[in-house]
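A short write-up of the structure that comes next.
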Amino acid sequence: MKIEEITLWHIKMPYKSPFQTSRWVEYDRECVIVQLRAEGLTGWGECVATQNCGYSYETTKTNWHILEDFIVPAVFAAHPDDVPAYRAAIAHVSGHPMAKAGMEMALWDLFAQRAGVSLQKFLGGSGDRVQVGVSVGIQETTGKLLQVVDQYLADGYRRVKLKIKPGRDVGDADAVRKAHPDLLLQVDGNSVYRLADAGHLKELDDFNLLLIEQPLADDDIIDHAKLQPQLKTAVCLDESITSVTHARWALELGACRIINIKPGRVGGMHEAIRIHDYCRERGVPVWMGGMLETGIGRAANVAVASLPGFTLPGDISASARYFFEDIVDPPFALNPDSTLSVPAGVGLGVQVRMEVLERLTLRREMYRRPA
Ligand code: OSB
Ligand code: MG
């Protein structure tokens, strides 16, 4: 497919409330949106990195740099007809999975549209809805946390993830568990603990958690393999799993029993699906993570989460959980059964609201295919 035109949009959308993790805080969704034009079609993608480098080394600015200087020229030169051709065209680019994944998403959208089907169908997903939960940032006090959780339960969420950090882990989990004995509850340490904290983390075993997500370092597998046997609760890896090879290492070593899949973290939906397939063949549950995406990234995540191995509720909440207004129409709304509906239209199946996108834009650059 001859890609005629590529536009990068650096946007900034305020969150309704700050999102505090163990090591950093997010106030706005600042990210790069990728727009492609080819054969009369328009494809959209979203890079998940933000202005912070808390979750990973990638940021909005590194995404822009890698796209502008390496990925955009490679796409113009390659005329990719499918995603494997795109991946071959960027094989010379090391690292930067979030930049690669943003372009890949826009290509998936284009290729699904060219095939005349929804992204879900194009990927082989099924069902008209996916199970979702809500990820709750660290609040100022445990009392405030209980209020925030109550509000999300009133909104209809049936699975809650608590962000934790030293000093705000066992107490917060205990309080939420006491208030909600049957809630599907899990926690996320975002790489803040060390193996020496195993004795402390063991206290979380008392709260019947679905899982403990990424307690130890973001590049670690070995220490997680030493931690998991000490816990009753399943360890779930997020940051540490950046490819299907890492998933294999983690499972072979017993570092986790569950994997959080984020297409952005692993370089795109193609690699995300490989991890899904690898885990499914081995009976290892996976679930769709989230990076507080706009409706563009959310549409892709919902489609991927409709693959059969995604047996646990995803971190894919409704647009209104994050934003005053989303950049897509229709926005994502929570169904009463704690699900999001999978868009049925062609490609991503959502309409980008250009007037909103333009209002949120800090910088825009259009690149044309060299003659
Ligand atoms: O670790 O899962 C994480 C958001 C930003 C960066 C990392 C994480 C998260 C979340 C939010 O937990 C999930 C969501 O998108 O709602
Ligand atoms: Mg996480």
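Values computed for the structure shown
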| read-out | value |
| --- | --- |
| 1.4 Å probe accessible area per residue over the range 122-341, in Å² | 36 |
| Alpha carbon convex hull of the chain, projected area averaged over orientations, nm² | 16.7 |
| Listed pairs Lys144/Lys262; Lys12/Lys61; Lys121/Lys163 exceeding 24 Å between Cα atoms | Lys144/Lys262; Lys121/Lys163 |
| Length added when fully stretched, Val83-Asp28, from 0.36 nm per residue minus Cα-Cα | 16.7 nm |
| Nearest 10 degrees, 0 to 90: helix 170-179 Cα axis against the chain principal axis | 90 |
| Degrees, to the nearest 10: 244-253 long Cα axis against longest axis of the chain | 20 |
| Percent antiparallel among DSSP beta bridges (both partners in the chain, rounded to 5) | 60 |
| Between the range 47-120 and the range 143-160, the alpha-carbon center distance in angstrom | 35 |
| Positive-end residue, the chain charge dipole about Cα centroid, Cβ charges, pick of Thr233, Ile66, Ala198 | Thr233 |
| Highest-MSF residue in the chain out of Asp337, Asp218, Asp109 [GNM, Cα springs under 10 Å] | Asp337 |
| Heavy-atom accessible surface of the chain: percent carbon and sulfur, 1.4 Å | 51 |
| Using θ = phi - 60° and Karplus 6.51 cos²θ - 1.76 cosθ + 1.60, couplings along the range 75-88 (whole Hz; Gly, Pro as x) | 5, 4, 6, 8, 6, x, 9, 7, 5, x, 5, 4, 5, 5 |
| Cut-off 11 Å between beta-carbons: net charge of the residues surrounding Val72, Lys and Arg +1, Asp and Glu -1 | -2 |
| Nitroxide proxy distance, nm - points 7 Å out along Cα→Cβ at Met354 and Ala320 | 2.9 |
| Rounded tilt (10° steps) of 142-155 against the dominant C-alpha axis of the chain | 50 |
| Note, ³J(HN,Hα) from phi for the range 101-108, Karplus 6.51, -1.76, 1.60, rounded to Hz, x at Gly and Pro | 5, x, 5, 4, 4, 5, 5, 4 |
| Part-to-part distance (alpha-carbon centres) for the range 1-41 and the range 210-259, which is given in Å | 29 |
| Amide H within-cut-off set for Val132, under 5 Å, with H built and near neighbours excluded | Gly314, Thr339, Leu340 |
| Around Lys121: net Lys/Arg minus Asp/Glu count, Cβ-Cβ under 14 Å | -1 |
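The values are calculated or read from the model by the stated rules, or taken from the named source; none is laboratory data. Remember, predicted model here, so these are calculated numbers, not experimental data. Positions of Cβ are backbone-derived with ideal geometry, glycine not excepted, and every protein chain shown enters the neighbour counts. In case anyone asks, the SASA skips ligands and DNA or RNA and just uses the protein heavy atoms, side chains included. Shrake-Rupley method; radii C 1.70, N 1.55, O 1.52, S 1.80 Å.
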